[in-house]
Structure formats: C-alpha cells, structure tokens
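J.: Can you keep this structure in mind? I'll have questions shortly.
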Amino acid sequence: MIVILKHNTKEEKRNQLIDWLKKQGVDVHVSQGEYQTVLGMIGDTSKIDKDLVASLEIVDSVKVVTDPFKCCNRKFHPEDTVIQVGDAKIGSGSFCMIAGPCSVENEEQIVGIAKAVKASGANMLRGGAFKPRTSPYDFQGLKATGLELLKIAKAETGLPIVTEVMGVNDLPLFEDVDVIQIGARNMQNFDLLREVGKLRKPILLKRGLANTVKELLMSAEYIMAGGNDQIILCERGIRTFDDYTRNTLDLAVVPVLHELTHLPVIVDPSHATGVAKLVRPMALAAAACGADGLIIEVHNDPMHALCDGAQSLLPEDYHKLARDVEQIREVIAK
Ligand code: PEP
Ligand code: MN
C-alpha cells in the first residue's frame with residue numbers, strides 16, 4: 001500500500017500519520033520527492049482502514065501495491081535513485097563507464113589498464129580478485145592480493161574500484177572497495193545478499209544466468225530490506241536455447257526495469273556475448289535503449305589473459321567505443 005500526500009503537507013502532520021501507520025504494525029518508507037511525498041507501507045497492511053486513510057485532509061490518494069518487491073519499486077519511490085561513487089554518478093541521466101580486466105593478474109597489468117581506461121574517460125575500474133570459475137582447475141583469482149593490487153591502481157589513478165565478493169566470509173576484506181559486485185552465480189545467495197544489505201556502500205547486483213526480472217528485483221529487495229539502498233542492477237545476458245553467443249543479451253529489461261524500479265540499470269556486453277567483436281554493437285545498443293552505464297572488460301593482452309580474453313577489448317578499441325557511446329547518448333538525449 002502507498003499513500004501519496006498532498007503537495008505542501010506540513011512535516012508535523014506527515015509525521016503524525018507516519019506514527020499512526022507504524023502503530024498499525026507496518027514499516028513506513030518515506031520518499032520525499034520535489035513535487036510529491038510517497039509513504040510506502042511494508043508488512044501486513046490488511047488491518048489498515050484504507051478508506052479512513054484516504055479521507056484524511058493531507059492525503060491525495062491511497063494505492064494498493066501487490067508487487068512483492070516494495071523498497072525497490074518505483075511506485076514507492078517515483079524519483080530515480082542516483083548512486084554516487086567518488087566523483088562518478090549513476091542514474092537519472094548520469095551515465096557511468098566501468099572498465100577493466102576480467103581478473104587482476106599483477107600490478108603492472110592492473111595499473112596499466114587502469115591508466116588506459118581512465119585516459120579514455122572511464123569513471124570506475126573493474127577487476128576480479130575472487131573469480132567464480134566453472135572449472136576448479138582454472139585460475140581462481142589472486143584473492144586478497146588482488147584486492148591490494150586494485151587499491152594500488154586506485155591510488156595511482158583515482159578511479160573507484162568495483163570487484164566481486166563470492167562469499168560472506170570474505171566480506172571483511174572488502175572494506176576499502178568502492179562498489180561490491182554480486183556476480184550472476186550469486187544473485188540468489190540470500191545469506192550474502194542479507195550481509196551486503198547491512199553495509200552502507202554501493203552494490204552492483206548482476207542478473208543471474210537464468211533468473212527473471214522479478215527474481216532480480218526480489219534479490220535487490222533482500223539488500224534494501226537490510227537498509228542498504230545503494231544498488232546498481234546489471235543485465236549481463238541470460239541462458240537461452242541459443243549458444244552461438246555466450247549468453248543472450250536481454251536488452252528489453254533496461255526499459256522494463258526503469259519502469260518497475262527507481263534503481264539504476266547498467267549493461268555488461270562482455271559477459272553477455274563472450275566475443276570481443278560483439279561488445280561494441282551491444283554496448284552502443286545498451287546506451288541507445290537508456291542504460292545508465294556500461295561495464296566492459298578491457299585487457300592489454302587478451303591472447304594471454306588469465307580469464308575471458310576472448311571477450312576483452314584492447315585499450316585502443318575501448319577508447320574508440322567510449323567516444324561512440326558518448327555520441328549515441330547525445331542522440332538519445334535530443
Ligand atoms: C565478472 O564480472 O567477471 C563476472 C564473473 O560476471 P558474471 O557474474 O556476470 O558472470
Ligand atoms: Mn569476466
């Protein structure tokens with residue numbers, strides 16, 4: 001249930017209503033917009049007399065929200081959420097370019113790539129330290145050492161760092177990480193979602209390999225229910241019958257998610273396609289359909305990358321792509 005208050009409602013009257021609603025046994029989520037204040041009820045609203053609430057002088061309207069996701073629902077919070085990470089902003093027209101290698105391999109590699117992508121205008125550096133690999137015999141990441149190398153790259157370039165956590169026990173190592181990534185394979189690791197919900201830092205939540213939009217939003221809801229409302233959603237391709245590309249990039253979810261939720265939505269064309277030459281057209285398409293940012297794998301020597309070389313762009317190709325993304329954004333802003 002949501003209660004939309006009349007414009008210019010006095011704070012005292014608003015707070016009286018919130019207190020009364022809380023006494024009815026629900027949590028009240030307040031979204032104070034420029035033109036509208038929306039009170040979102042979380043919990044069992046069956047005992048609240050909706051007609052009584054609707055008849056109050058300060059109330060404009062009362063609506064029943066049947067969607068199971070509440071905190072991340074746009075009905076609860078009509079204005080876009082904007083996430084600030086250092087100097088970078090994501091959401092509501094602020095576009096963010098996140099770039100870097102699949103995995104952190106050594107200091108020279110991560111610092112070199114960080115400098116290159118920064119020179120191309122990237123706003124954040126990505127790099128996996130804990131790698132979720134299909135085979136236990138493949139490179140599993142440099143783990144804690146990888147996180148230290150990311151911090152060096154941040155110190156050298158000023159770029160905030162984005163990196164994946166795989167398990168609850170590793171979280172204490174992520175204190176200095178700017179954006180914690182929950183990977184596709186962990187989208188429904190509910191214990192991990194609850195733990196990152198206790199943090200007060202941005203979470204990049206990737207859509208699972210075979211998860212629906214509703215499931216993605218319910219995972220965001222786990223994090224928000226803990227009080228962490230800084231979530232960036234990421235479409236990174238899903239598993240379909242077609243295996244010509246690594247995954248199938250479901251770009252329609254970008255406008256769908258923008259309608260359903262106030263959270264920013266970015267696209268990962270690297271994992272979505274698995275093929276470097278497909279990254280560029282899909283990145284441009286993502287920018288054209290209104291994504292709030294892109295996360296792209298870049299490697300100085302893709303042939304020898306320890307992970308995902310086939311889908312990694314060379315820094316010079318990333319540079320050109322970043323310019324073209326800007327042009328697409330100019331066109332759609334018109
Ligand atoms: C990654 O970003 O390196 C990664 C493993 O992504 P995903 O979880 O989308 O497969
Ligand atoms: Mn990768």
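The values are calculated or read from the model by the stated rules, or taken from the named source; none is laboratory data. These figures come from a predicted structure and were not determined experimentally. Positions of Cβ are generated from backbone atoms using ideal geometry, with glycine treated the same way; all protein chains shown enter the neighbour counts. Surface accessibility is based on the protein's heavy atoms, side chains included, excluding ligands, DNA and RNA. Shrake-Rupley method; radii C 1.70, N 1.55, O 1.52, S 1.80 Å.
J.: Looking only at the range 299-314, which residues are in a helix (DSSP H, G or I), within 12 Å of ligand 2 (Cβ to nearest atom) and not hydrophobic (A, V, I, L, M, F, W, C)?
T.: PRO302, GLY309, GLN311 - these are the residues of the range 299-314 that are in a helix (DSSP H, G or I), within 12 Å of ligand 2 (Cβ to nearest atom) and not hydrophobic (A, V, I, L, M, F, W, C).
J.: Follow-up question, since we're still on this one. Determine whether THR240 is open to solvent by 10 Å² or more (accessible area, probe 1.4 Å), hydroxyl-bearing (Ser, Thr, Tyr) and out of contact with any strand residue (DSSP E or B) (no Cβ under 8 Å at 6 or more places or on another chain).
T.: Judged against the criteria, THR240 is not a match.
J.: With the requirement that a residue be closer than 15 Å to VAL279 by Cα and within 16 Å of ligand 1 (Cβ to nearest atom), what does the range 296-334 give you?
T.: ILE296, GLU297, VAL298, HIS299, PRO302, ASP308, GLY309, ALA310, GLN311, SER312, LEU313, TYR318
J.: Among the residues of the range 42-60, is there at least one that is modelled with pLDDT under 95 and in a strand (DSSP E or B)?
T.: Within the range 42-60 (the criterion being modelled with pLDDT under 95 and in a strand (DSSP E or B)), the answer is yes, since at least one residue qualifies.
J.: Hey, another quick one. Mind listing whichever residues of the range 143-182 are open to solvent by 50 Å² or more (accessible area, probe 1.4 Å), outside any loop (DSSP other than H, G, I, E, B) and within 25 Å of LEU217 (Cα to Cα)?
T.: Once the filter is applied, which keeps residues that are open to solvent by 50 Å² or more (accessible area, probe 1.4 Å), outside any loop (DSSP other than H, G, I, E, B) and within 25 Å of LEU217 (Cα to Cα), the range 143-182 yields VAL168, ASN169.
J.: Scan the range 191-218 residue by residue and report those that are closer than 23 Å to GLU175 by Cβ, touching a helix residue (DSSP H, G or I) at 6+ places or on another chain (Cβ under 7 Å) and touching a residue at least 24 places away in the same chain (Cβ under 8 Å).
T.: LEU192, LEU193, ARG194, GLU195, VAL196, GLY197, ILE203, LEU205, LYS206
J.: So, one more: Report every pair of residues separated by at least 6 positions or lying on different chains whose Cβ atoms are under 7 Å apart, first residue within the range 307-330 and under 16 Å from PRO269 (Cβ atoms) and of a type in the set (A, V, I, L, M, F, W, C), second open to solvent by 70 Å² or more (accessible area, probe 1.4 Å) and away from ligand 2 (no atom under 15 Å from the Cβ).
T.: Listed by first residue and then by second, the contacts come to LEU321/ARG280.
J.: Would you be able to tell me the number of residues in the range 28-58 that are open to solvent by less than 70 Å² (accessible area, probe 1.4 Å) and without any contact (Cβ under 8 Å) to a residue 24 or more places away in the chain?
T.: Total meeting the criteria: 4.
J.: So, in the range 188-212, of the ones that are farther than 21 Å from ILE90 by Cβ and of a type in the set (A, V, I, L, M), which residue ends up nearest to ligand 2 (Cβ to nearest atom)?
T.: Here the answer is LEU209.
J.: Within the range 271-298, can you find the residues that are in contact with a Leu (Cβ under 8 Å, 6 or more places away or on another chain), under 17 Å from VAL117 (Cα atoms) and open to solvent by less than 10 Å² (accessible area, probe 1.4 Å)?
T.: Across the range 271-298, the qualifying residues are VAL279, ALA283, ILE295, ILE296, GLU297, VAL298.
J.: Which residues, taken from the range 252-276, are in a loop (DSSP other than H, G, I, E, B) and under 15 Å from the mean Cα position of the chain (by Cα)?
T.: Matches in the range 252-276: HIS262, LEU263, PRO264, ASP268.
J.: Something else now. Go through ARG126, ARG133, ARG185 for me and flag whichever is open to solvent by 70 Å² or more (accessible area, probe 1.4 Å), within 16 Å of ligand 2 (Cβ to nearest atom) and either under 23 Å from LEU294 (Cβ atoms) or not hydroxyl-bearing (Ser, Thr, Tyr) (or both).
T.: Sole residue among the options that is open to solvent by 70 Å² or more (accessible area, probe 1.4 Å), within 16 Å of ligand 2 (Cβ to nearest atom) and either under 23 Å from LEU294 (Cβ atoms) or not hydroxyl-bearing (Ser, Thr, Tyr) (or both): ARG185.
J.: Quick one: which of ILE90, ILE110 is outside any helix (DSSP H, G or I), open to solvent by less than 10 Å² (accessible area, probe 1.4 Å) and modelled with pLDDT of 95 or more?
T.: One residue alone meets the criteria, ILE90.
J.: Condition first: more than 21 Å from LYS10 (Cα to Cα) and open to solvent by 80 Å² or more (accessible area, probe 1.4 Å). Now tell me which residues in the range 59-69 satisfy that.
T.: Result: LYS63, VAL64, THR66.
J.: Residue by residue through the range 257-298, note down the ones that are within 14 Å of ligand 2 (Cβ to nearest atom) and of a type in the set (S, T, N, Q).
T.: SER270, THR273
J.: Test ILE332 against the criterion of being assigned to a helix (DSSP H, G or I) and open to solvent by 70 Å² or more (accessible area, probe 1.4 Å), and give yes or no.
T.: In short, yes.
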